[in-house]
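Worksheet for the structure shown next.
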């Protein structure tokens, strides 16, 4: 018999939410200068900037480390947006509305005018490791 207050691990995990992990591999960077600003969200209305999503994951990592691991995610559909902030000013620099710095989105959708919709960048995250490759684009 177990002492009072000690439960087997299986019983403790019964009510736990499943967790998942994700690896983003960011490729085609034109330089290792600056940082990568990453937004990962499961809410279509919060894509691509993660605004108003308390569960969104926003990270800033050095451009010299373009492989990023996310742990403890709730399984579901996510979309990622990445900016290569080469000068480190914490924003996407533009010239007459055209990005001067790199950008990329999960699933590498075709870019027309403005960012893609959530559905174009959406991918599933489940209990298994989910590698996603994001190709950076530069217009100027």
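Within region 73-91, take every residue that is in contact (Cβ under 8 Å) with a residue 40 or more places away in the chain and not in a strand (DSSP E or B) and give me the one that is surrounded by the most Cβ atoms within 10 Å (Cβ to Cβ). Per the stated criteria, the residue is 86. Scanning region 31-51 for residues that are closer than 19 Å to residue 121 by Cα, out of contact with any strand residue (DSSP E or B) (no Cβ under 7 Å at 6 or more places or on another chain) and assigned to a loop (DSSP other than H, G, I, E, B) yields 43, 51.
Looking only at residues in region 52-72 that are assigned to a strand (DSSP E or B) and without any contact (Cβ under 8 Å) to a residue 40 or more places away in the chain, the one that is surrounded by the most Cβ atoms within 10 Å (Cβ to Cβ) is 57. Taking the condition exposed (fewer than 12 other Cβ atoms within 10 Å of the Cβ) and not in a strand (DSSP E or B), does residue 112 pass? Answer is yes for this residue. Being under 17 Å from residue 68 (Cα atoms) and either at pLDDT below 95 or touching a helix residue (DSSP H, G or I) at 6+ places or on another chain (Cβ under 6 Å) (or both) is the filter here; which residues of region 82-123 pass it? 105, 106, 107 - these are the residues of region 82-123 that are under 17 Å from residue 68 (Cα atoms) and either at pLDDT below 95 or touching a helix residue (DSSP H, G or I) at 6+ places or on another chain (Cβ under 6 Å) (or both). Mind checking which residues of region 25-39 are surrounded by fewer than 15 Cβ atoms within 10 Å (Cβ to Cβ) and either closer than 14 Å to residue 70 by Cα or touching a helix residue (DSSP H, G or I) at 6+ places or on another chain (Cβ under 9 Å) (or both)? The one that is surrounded by fewer than 15 Cβ atoms within 10 Å (Cβ to Cβ) and either closer than 14 Å to residue 70 by Cα or touching a helix residue (DSSP H, G or I) at 6+ places or on another chain (Cβ under 9 Å) (or both): 25.
The values are calculated or read from the model by the stated rules, or taken from the named source; none is laboratory data. Just so you know, these numbers come straight off a predicted model, no measurement behind them. Here the Cβ is made from the backbone with ideal geometry for all residues, glycine too, and neighbour counts use every protein chain on show.
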